[in-house]
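The values are calculated or read from the model by the stated rules, or taken from the named source; none is laboratory data. Only a predicted model underlies this, so the values are computations on that prediction, with no experimental measurement involved. Here Cβ is always computed from backbone atoms with ideal geometry, including for glycine, and neighbour counts include all displayed protein chains.
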Amino acid sequence: MIRAIHHVQIAAPAGSEDALRAFYVDALDMTEVPKPPALAARGGAWFRSGDVELHLGVEPEFRAARKAHPGLLVDDLDGLVRRLESRDVPVQWDENLPGFRRCYVTDPNGNRIELLEPR
C-alpha cells in the first residue's frame, strides 16, 4: 500500500549544481540534503522542504521536462511568488484547476514546477 511519495526525481545536466542551489535553496527556500557518498559522486543535488524532497539527478543526454512536473502544495503562494519574482524568476499563472490557486515556474534547466495553494 502506497502511503506517501518519498521524493520526486528531476533530471539535470552535468555541472548545473550551483544554478540548482540558487533556484531551489535561494528562490524556493528549500534546504539542500547531503547525498550519500556513493550517490554524490554522480553529481546532482537533493533538496527538502518539510516532508517534500526533490532529487535532481544528472542525465547525460538531458532534456528538460516541459510537461511532466512536480506539483508542490504551498502555504503562502503570494509570498513565494513575490520571492521568486524578486529573483527574476518568471511566474505563469493558471486558473484552470478548481479549488486551487496555482502557477508554474521553470528551474534553471527548463524543468517545469507547479506551485499550488488550496482556495
Scanning for something on the phi < 0 side of the Ramachandran plot, among the polar types (S, T, N, Q), modelled with pLDDT of 95 or more and more than 12 Å from the chain's Cα centre (by Cα), does segment 68-86 turn up at least one residue? yes
Checked against (1) in a strand (DSSP E or B); (2) more than 30 Å from ARG119 (Cβ to Cβ), LEU72 satisfies every condition except (2)
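Would you confirm, using the coordinates I've provided, whether VAL58 is of a type in the set (A, V, I, L, M, F, W, C), under 21 Å from ALA11 (Cβ atoms) and in contact with a Gly (Cβ under 6 Å, 6 or more places away or on another chain)?
Details: of a type in the set (A, V, I, L, M, F, W, C): yes; under 21 Å from ALA11 (Cβ atoms): yes; in contact with a Gly (Cβ under 6 Å, 6 or more places away or on another chain): yes.
Here the answer is yes, as VAL58 does meet what is asked.
Please work out if VAL81 is without any contact (Cβ under 8 Å) to a residue 60 or more places away in the chain, aliphatic (A, V, I, L, M) and in contact with a Lys or Arg (Cβ under 6 Å, 6 or more places away or on another chain).
On the way: without any contact (Cβ under 8 Å) to a residue 60 or more places away in the chain: yes; aliphatic (A, V, I, L, M): yes; in contact with a Lys or Arg (Cβ under 6 Å, 6 or more places away or on another chain): no.
No, not satisfied.
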Test of understanding: among GLU114, GLU53, which residue is closer than 20 Å to ILE5 by Cβ and touching a Cys at 6+ places or on another chain (Cβ under 8 Å)? GLU114
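Taking segment 17-46 as the region of interest, how many residues are farther than 16 Å from GLU114 by Cα and under 14 Å from the mean Cα position of the chain (by Cα)? Walk me through it before giving the result.
The first filter runs over segment 17-46 and keeps only residues farther than 16 Å from GLU114 by Cα, leaving 17-22, 25-26, 31-46.
Next cut, under 14 Å from the mean Cα position of the chain (by Cα) only: 17, 19-22, 25-26, 31-33, 44-46.
Number of matching residues: 13.
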Can you name every residue in segment 79-119 that is part of a loop (DSSP other than H, G, I, E, B), farther than 22 Å from ASP18 by Cα and of a type outside the set (Asp, Glu)? ASN96, LEU97, PRO98, GLY99, ARG119
How many residues does segment 12-32 hold that are in a strand (DSSP E or B) and either crowded, with 18+ Cβ neighbours inside 10 Å or without any contact (Cβ under 8 Å) to a residue 12 or more places away in the chain (or both)? 1
Quick one: count up the residues across segment 91-102 that are touching an Asp or Glu at 6+ places or on another chain (Cβ under 9 Å) and farther than 13 Å from ARG119 by Cα. 2
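Does VAL74 satisfy being in contact (Cβ under 8 Å) with a residue 60 or more places away in the chain, hydrophobic (A, V, I, L, M, F, W, C) and in contact with a helix residue (DSSP H, G or I) (Cβ under 7 Å, 6 or more places away or on another chain)?
Details: in contact (Cβ under 8 Å) with a residue 60 or more places away in the chain: no; hydrophobic (A, V, I, L, M, F, W, C): yes; in contact with a helix residue (DSSP H, G or I) (Cβ under 7 Å, 6 or more places away or on another chain): yes.
Spelling it out, it is not the case that VAL74 is in contact (Cβ under 8 Å) with a residue 60 or more places away in the chain, hydrophobic (A, V, I, L, M, F, W, C) and in contact with a helix residue (DSSP H, G or I) (Cβ under 7 Å, 6 or more places away or on another chain).
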